[in-house]
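Here's the structure, in structure tokens; my notes come after.
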Amino acid sequence: MPDTSLQSAPEPCRTTRNYIYFRPSITRRELVRMKSIIATLRESESFTTFLDLVRAADMEERLSSEGPYTIFVPDDDAFREIPGPELDGIRRDTDRLTVVLNYHIVPGVHSMIDLLGIRTLRSLQGEDLTIEVASKGVLVNNVPVVEADAWCTNGICHAVSTLLLPPIARAVEG
């Protein structure tokens, strides 16, 4: 089975398939191969649960054509860690689902190199995400970025290992 996940590049100027990593500029040829955020996540096959939630919140069009956005997207492994009833509760409550998804999205494009110099980013949901550089890499709200810099026509994706919950969603939960 081919590796179709988002991947960080070990060297500063590597390109593979539709993803471009740590590149200060994008060539015309590379731009032609890039896809929207939704198409990139769909092609990777590692973000099916997140894409199901995006569809349930009716946000596919936004992530296909609007932007640019930086998205911190939990992979399917992250969703396996969430108890089924909790995830079903988020999925059924469209308002809460939209709040949670918008918390993963930041206006503008912020590559991994950019994140090294940023301490906070304001999400579309309205709350700040904290960015920290630690011995285990870059953390977003204390959650590791596990794969970085999947460039898309309308932004950039970074995979994170946990679903990020804004303070308001955590308050509802508890």
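Worth a mention:
- Residue count, the range 113-137 (criterion: out of contact with any His (no Cβ under 8 Å at 6 or more places or on another chain) and in a strand (DSSP E or B)): 10
- Evaluation of GLY84 against (1) small (Gly, Ala, Ser); (2) touching a Phe, Trp or Tyr at 6+ places or on another chain (Cβ under 8 Å); (3) over 29 Å from MET34 (Cα atoms) (one fails), failing number: (2)
- Members of the range 100-122 found to be under 18 Å from LEU41 (Cβ atoms) and crowded, with 17+ Cβ neighbours inside 10 Å, listed by number: VAL100, LEU101, ASN102, TYR103, HIS104, ILE105, VAL106, HIS110, SER111, MET112
- Selection status of ASP128, touching a strand residue (DSSP E or B) at 6+ places or on another chain (Cβ under 6 Å) and without any contact (Cβ under 8 Å) to a residue 12 or more places away in the chain: yes
- Failed item in (1) more than 19 Å from ILE156 (Cβ to Cβ); (2) at pLDDT 95 or above, with ILE90 passing the rest: (2)
- Within the range 116-132, the set of residues being hydrophobic (A, V, I, L, M, F, W, C) and at pLDDT 95 or above comprises LEU121, LEU124, LEU129, ILE131.
- Scanning the range 89-137 for residues that are within 20 Å of LEU53 (Cα to Cα) and among the β-branched types (Val, Ile, Thr) gives ILE90, THR94, THR98, VAL99, VAL100, ILE105, VAL106.
The values are calculated or read from the model by the stated rules, or taken from the named source; none is laboratory data. All values derive from a computational prediction rather than experimental measurement. Cβ coordinates were reconstructed from backbone atoms using ideal geometry, including for glycine residues, and neighbour counts include every protein chain displayed.
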